[in-house]
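Read the structure below first, then the notes.
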């Protein structure tokens, strides 16, 4: 990416322990997960579950199969509105009896007003400040991503903030690997399109300031079927309410003694460990309730679980969600403006954008602007 590499600021950025949902919330609010509240898409919230109508049928284990999961989701989608990126996904590998307790944690897209009840986003701040925003590529239907970029041209009177979203890179990286020739070609196209639109804006008389960021990196992974793996080792996975993510298995186990036995058994499997209270605090993911689980089993590299709540994971060459201390977990931050020295963090994105837009930066953020106030010049 020669154009982006030539910018004054090209830096690594520390990410979160989790997936895009928690990273987006951290980037756009400037606060860490234990404050904004998003860690995973699926949470245990019986009172708000779109599947709560299923409770009279929850113990009919004989209909616990994939077609019934699909049917139940289709019915639930008709009566529950969500404008988030994923909507209400199909809960594929999860016990039928547990589905009525599950809800999605993200109900809106992050640029939408009041994305979170816990903290305002940079988009909320821009709306309050009367800043006109143009969003390109963040569509559910074609054209989206880079296809939308290619048809978009800067206007003679551009918005104060233009947000170009390219989810293509993440999707293709998962399927083919971040270092694959196809993804290398894709990021080259991203670079060329950004340069072209930047030059066009500058030629029109505007003074564009460029800020580019990602939410995390990718790791090459090896698929592991958790259903077969646990069965072969005598661990009764379906004995407990649980959700399987790409490299986490989250349990809800009420009995304290049973929970301790489960933790010991999980730690002895050799593919990861149960996150301790100290680790939950360290990574700022201690939510002070059990909605994401009260036993969080972290599966470490090189493993990625193939049979998750999302599906079968047949095309998974690289993944994320691993420890933020791993260099390949890092996000990237690029700008045409010089940035301060020192480490950068996802929570620095929102206050940095606020500084460039000359918006007041909330005083209680976990992040801080990487730019000086002199960088804000209209």
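The values are calculated or read from the model by the stated rules, or taken from the named source; none is laboratory data. Since the structure is predicted, the reported quantities are computational estimates derived from the model, not experimental observations. Positions of Cβ are generated from backbone atoms using ideal geometry, with glycine treated the same way; all protein chains shown enter the neighbour counts.
Yes/no matrix, rows are residues, columns are (1) modelled with pLDDT of 95 or more; (2) within 23 Å of the chain's Cα centre (by Cα):
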position: 45; (1), (2): yes, yes
position: 63; (1), (2): no, no
position: 69; (1), (2): yes, no
position: 80; (1), (2): no, yes
position: 96; (1), (2): yes, no
position: 111; (1), (2): no, yes
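Would you kindly identify the helices (runs of 4 or more DSSP H) lying entirely within region 210-316 that contain at least 1 residues that are within 21 Å of the chain's Cα centre (by Cα)? Break it down into steps so the answer makes sense when it comes.
Working: elements: 226-232, 256-267, 277-282.
Those helices (runs of 4 or more DSSP H) span 277-282.
Can residue 204 be described as at pLDDT 95 or above and assigned by TED's automatic domain parsing to the domain that holds residue 369?
Working: at pLDDT 95 or above: no; assigned by TED's automatic domain parsing to the domain that holds residue 369: yes.
Criteria not met by residue 204.
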Review point. Taking helices (runs of 4 or more DSSP H) that do not extend beyond region 1-50, which have at least 1 residues that are under 19 Å from residue 121 (Cα atoms)?
Key: 20-29, 33-36
Exercise for review: Select from region 48-70 the residues that are surrounded by 12 or more Cβ atoms within 10 Å (Cβ to Cβ), touching a helix residue (DSSP H, G or I) at 6+ places or on another chain (Cβ under 9 Å) and farther than 24 Å from residue 24 by Cβ and list them in ascending order.
Suggested key: 51, 52, 53, 54, 55, 57, 58, 60, 63, 64, 68, 69
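Residue by residue through region 71-93, note down the ones that are part of a loop (DSSP other than H, G, I, E, B) and in contact with a helix residue (DSSP H, G or I) (Cβ under 8 Å, 6 or more places away or on another chain). Write out each step before concluding.
So the first thing to find is which residues in region 71-93 are part of a loop (DSSP other than H, G, I, E, B), and the list is 80-93.
Across region 71-93, the qualifying residues are 87, 88, 89, 90, 91, 92, 93.
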Check your understanding: Out of region 231-251, which residues are under 21 Å from residue 302 (Cα atoms) and crowded, with 18+ Cβ neighbours inside 10 Å?
Key -> 243, 244, 245, 246, 247, 248, 249, 250
Point to revise | Tabulated pairs, region 240-251, first free of Cβ contacts under 8 Å to residues at least 60 places away in the same chain, second not in a strand (DSSP E or B), C-beta under 6 angstrom, 6+ apart or interchain | key: 240/253; 251/240; 251/293
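Conditions tested, residue by residue: (1) in contact with a helix residue (DSSP H, G or I) (Cβ under 8 Å, 6 or more places away or on another chain); (2) at negative phi.
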residue: 139; (1), (2): yes, yes
residue: 143; (1), (2): yes, yes
residue: 177; (1), (2): yes, no
residue: 194; (1), (2): yes, yes
residue: 203; (1), (2): no, yes
residue: 210; (1), (2): yes, yes
Exercise for review: Select from region 330-346 the residues that are touching a residue at least 60 places away in the same chain (Cβ under 8 Å), under 18 Å from residue 27 (Cβ atoms) and surrounded by fewer than 21 Cβ atoms within 10 Å (Cβ to Cβ) and list them in ascending order.
Suggested key: 330, 332, 337, 343
